[in-house]
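Bear in mind these aren't lab numbers, they're just calculated from the coordinates by the rules spelled out. Remember, predicted model here, so these are calculated numbers, not experimental data. So basically every Cβ, Gly included, is an ideal-geometry build from the backbone, and we count neighbours across all protein chains shown.
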Amino acid sequence: MRILFIGGTGIISSACTQLAVDRGIDIFLLNRGKTRRPVPDAAHLLQCDIRDKNSAKRALGEMTFDAVVNWIAFTPEHIETDLELFRDRTHQYIFISSASAYQTPPLNLPVTESTPLYNPYWTYSQDKIACEERLMQAYRRGKFPITIVRPSHTYDRTSLPLYGKYTVVDRLRKGKKVIVHGDGTSLWVLTHHRDFAKGFVGLLGNNHALGEVFHITSDEALTWNHILDIVARAAGTEANSVHIPSKFIAAFDPEWGANLLGDKAHSMVFDNTKIKRIVPDYVATIPFSLGAEEIMTWYDADPSRQVVDEELNRMMDTIIAAYESAWP
């Protein structure tokens, strides 16, 4: 197969690129050529900015593909560009949406692909929903061969799945208090990018995936208390956590608040029956306990990676002090 990835070097997509190459797929990466992650030697690079439509047309020339995957489409305007560029170039177009587009908070668990799409809190998710609606219209009216994939919280060794990244690890190692939203008992699913790739690559060129929607996640559900404990253990310490309501956090840090209220404050557990039916060998095998050790090994291997956001650090101290003053 000949496959085009728009992007292809990000947290999620890098593992999919590598696995596709390992399986003998002819992979083309269309991106700006700016990445800290290694690109497989067998991948073909098409260097341009997808946001410059004319530049993309020149880079693509007359090439056609068995599948095109856009890892970096976020708004309906991006979709319109892709419809123009790829309508006659591909047998499958895969849009990377987001599980945060699902009904928030969900009325029923586990979440399936038929769970309604509704997120009143987060613009990112609302834009992804609008993109899906435009693509479904293109499929129904013009037979544009779409597949929609909704990743949930997918990570690699460089991406600690906590707001603040290494700043949180620094606080843990110094014995400082670390904020956990709510009471820390809501359930969350973390998926290693190499696990995600096993499900995703099985969708490439798969006729059974046309016109369909899939999420691809681990089956391991963890509370946020457990997640922080796992990170602390991997960092060689123990967590000194303080539980603070998400709305209280949002009053001090709107960005963090939107991330919580629009996504992480609510339990999300997924039924992966559909992806397992279409890709029968898919199974997630990397628990977060191993993933956290991989993350800490990566951070500790190079001090330059251990970046502490002092402004966020002060904000966390402010939030904790304000909360403990109001509710001692």
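Structural remarks
- Taking Met63, Met296, Met316 and counting other C-beta atoms within 10 Å, the order from fewest to most: Met63, Met296, Met316
- Cross-link pairs beyond the 29 Å C-alpha cut-off, checked among Lys57/Lys276; Lys143/Lys198; Lys57/Lys143; Lys177/Lys276; Lys34/Lys165: Lys57/Lys276; Lys177/Lys276
- Lys, Arg +1 and Asp, Glu -1 on Cβ, resulting dipole of the chain about Cα centre, debye, nearest 20: 460 debye
- Contact order, relative form, for the chain: 18 percent (alpha carbon pairs under 8 Å, 6 or more residues apart, mean separation divided by residue count).
- Under a model in which nothing but the beta-carbon of Lys, Arg (+1) and Asp, Glu (-1) is charged, the stretch 252-328 shows a dipole of about 560 debye around its Cα centre.
- Nearby aspartates and glutamates by direct alpha-carbon distance to Lys176 (threshold 16 angstrom, same-chain neighbours under 8 apart not counted): Asp229, Glu238, Asp309, Glu310, Glu311, Asp317, Glu324
- Computed from Cα positions, the angle between helix 288-300 and the longest principal axis of the chain comes to roughly 80 degrees.
- Principal axis extents of the C-alpha atoms in the chain (largest first, rounded to whole Å): 65, 43, 38.
- For the stretch 183-249 and the stretch 1-61, distance of Cα centres in Å: 26 Å
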